[in-house]
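Report on the structure given below.
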Amino acid sequence: MTKTIAPKLLHWYAQHRRSFPFRDAPTPYAVWVSEVMAQQTRMETVLPYFQRWMERFPTVESLAAASQQEVLNQWEGLGYYSRGRNLHKAAQLVMTEYGGALPQDFEALQSLPGIGRYTAGAIASIAFGQDHPVVDGNVKRVYARLFAVDTPINTPAGEKEIWALAEAQLPTGQAGDYNQALMDLGAMVCLPRQPDCPSCPLQADCLAYQLNLTDEFPHKKQAKKAPHYTVTAAVIEAADGSVLITQRPQDALLGGLWEFPGGKREDGESLKACLEREILEELGVKIEAGEKLGVFRHAYTHFKVTLHAYRSEWLSGEMVLNEHQAFRWVQIDALDDFPMGKIDRSISRQLQGKEPADGA
Ligand code: SF4
């Protein structure tokens, strides 16, 4: 396959490249952090997080020395929390195994927690000048249109086909700029809906454009409808005004984050009965669910949740941790010190009077 794209794309990139702090000073650590943050997340969202992160953890060493709670506090709101936990674990490994410098060897990079083929390719090409391609959502879309790829891009076969195209088109010695140019083209010109083909430097090479089928590509296999769960949570208050929060297990969704305990409703169960059962099962404590605090909704990648929160009274029992890794009684003003997912942060802010109740 001839490499027809690179010269035009690199020429376009020289004039239109987006300016980011991690691009203007692309240290391996900055490229690593920015690429991990940018997975599944828009760059406008990433930028303030990246800046705060680099102020708090300016080096691999400072990240490795931080507690997981500090790391998750900085990550709060970015979602996909395993990314933050893995960055932290990988920083500790970089300190112990590699003397504080990210390894340049591609296999060694991929052996670090949270660094897969995409992130390793980005670090190797952008920070170390090595010839490795990258394929993310934007890049997949651009290649699928350029080459009118029939295979759905969200299948293993489609992924493989796009990676092969990315390998074949990679210009020797310029992979870093080429990869970033593709990302920028996908983010600025070859948009998911209504690509700006008149401004595209690759129009003459683009099969989808020539076939007048830009709306048809990329092909995607229809995702299954996300299930919807109804869950409950308890705000249990002590006599001194503190409230009970529990820390989720490390390897669960939102692992290491804090929450108001509760759980999923079973078929035919009332909301209050669900909450009282869940707290007994998880914490060994008998409670009585009382006044409703609010209804909170959130869509995760693979499911949706509607959560009903209740002020609850501790009736009897000794606390045990059947599912969580820790618990704390925390004054309401101090809840901000504990990293939480979106719904629990909303409950917390409502308790602090910073957010109105919704649908109580
Ligand atoms: S011509 Fe249009 S569809 Fe093709 S790569 Fe450019 S912006 Fe995307």
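The numbers here are math on the coordinates, done by the rules we state, and not lab data. Quick caveat, the model's predicted, so the values are computed rather than measured. Every residue, glycine as well, gets a Cβ built from its backbone with ideal geometry; the counts of neighbours run over all protein chains shown.
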Problem set entry | Helix 43-56 axis, angle to the chain major axis (alpha carbon atoms, nearest 10°) | 70 degrees
For this session: With a point put 7 Å past each Cα toward its Cβ, work out how far Ala334 is from Ala168 in nm, to one decimal.
Result: 6.1 nm
Exercise. Roughly what angle does helix 156-169 make with the longest principal axis of the chain, taking Cα atoms, 0 to 90 degrees, to the nearest 10?
Worked result: 40 degrees
Problem set entry | Within region 228-351: Cβ-based charge dipole about Cα centre, in debye rounded to nearest 20 (Lys, Arg +1; Asp, Glu -1) | 520 debye
Seminar exercise, completed: As straight-line cross-link partners of Lys140, the qualifying lysines (C-alpha separation under 20 Å, not fewer than 8 residues apart within one chain) are Lys3, Lys8, Lys160, Lys220, Lys221
Exercise. Any idea what the relative contact order of the chain is, in percent, if you count C-alpha pairs under 8 Å spaced at least 6 apart?
Worked result: 15 percent
For this session: Take the Cα atoms of region 207-264, build their convex hull, and give its volume per residue in Å³.
Result: 170 Å³
Problem set entry | Residues whose placed amide H lies under 5 Å from that of Val231, excluding near-sequence neighbours | Arg265, Thr306, Leu307, His308
Seminar exercise, completed: The base-10 log of I(q)/I(0) that the Debye equation returns for region 39-123 at q = 0.21 Å⁻¹, one scatterer per C-alpha, is -1.09
For this session: Report the residue, chosen from Leu72, Leu280, Leu211, that carries the largest GNM mean-square fluctuation when the chain is represented by alpha-carbon nodes joined by springs under 10 Å.
Result: Leu211
Seminar exercise, completed: Percent antiparallel among DSSP beta bridges confined to region 216-321, nearest 5, equals 65 percent
Seminar exercise, completed: Over 20 Å (Cα to Cα) among Lys225/Lys304; Lys264/Lys342; Lys89/Lys264; Lys272/Lys292; Lys272/Lys342 -> Lys89/Lys264; Lys272/Lys342
Problem set entry | Burial ranking of peptide ranges 324-332, 242-250 (average Cβ count within 10 Å, highest at the top) | 242-250, 324-332
Exercise. Any idea which of Ser348, Tyr118, Tyr229 is furthest toward the positive side of the dipole for the chain, if Lys and Arg beta-carbons carry +1 and Asp and Glu beta-carbons -1?
Worked result: Tyr118
For this session: Report the Stokes-Einstein translational diffusion coefficient (µm² s⁻¹, integer) for the chain, Rh taken as the Kirkwood radius over Cα pairs, at 25 °C with viscosity 0.890 mPa s.
Result: 107 µm²/s
Seminar exercise, completed: Taking alpha-carbon centroids only, region 244-300 lies from region 1-73 a number of Å equal to 36 Å
For this session: Would you calculate a helix-derived [θ] at 222 nm for the chain, using -39,500 (n - 2.57) for each DSSP H run of n ≥ 4 and dividing by the full residue count, to the nearest 500?
Result: -12000 deg cm²/dmol
Exercise. Dipole of region 75-180, Cα-centred, from +1 at each Lys and Arg C-beta and -1 at each Asp and Glu C-beta, to the nearest 20 debye?
Worked result: 300 debye
Seminar exercise, completed: Taking the dipole of region 6-210 about the Cα centre (Lys, Arg +1; Asp, Glu -1; charges at Cβ), the one of Gln104, Ala164, Pro152 that reaches farthest to the positive side is Pro152
For this session: Given the options Gln68, Gln15, Gln203, state which has the largest fluctuation in a GNM of the chain using a 10 Å cut-off (strictly under) for Cα springs.
Result: Gln15
Exercise. What are the ³J(HN,Hα) values, in whole Hz, obtained from phi via the Karplus relation 6.51 cos²θ - 1.76 cosθ + 1.60 with θ = phi - 60°, for each residue of region 299-313 in sequence order, with x given for Gly and Pro?
Worked result: 9, 8, 4, 10, 7, 10, 10, 10, 10, 10, 9, 10, 5, 9, 10
Problem set entry | Surface/4 estimate of mean projected area, convex hull on alpha-carbon atoms of region 6-210, nm² | 11.3 nm²
For this session: Compare Gly116, Gly176, Gly84 in a GNM of the chain, Cα atoms joined below 10 Å, and give the one with the largest fluctuation.
Result: Gly116
For this session: With just the Cα atoms of region 228-351, tell me how far they stretch along each of the three principal axes, in Å, largest first.
Result: 38, 33, 27
For this session: Rounded to the nearest 10 degrees, what's the angle between the helix 6-16 long axis and the longest principal axis of the chain, both from Cα atoms, 0 to 90?
Result: 60 degrees
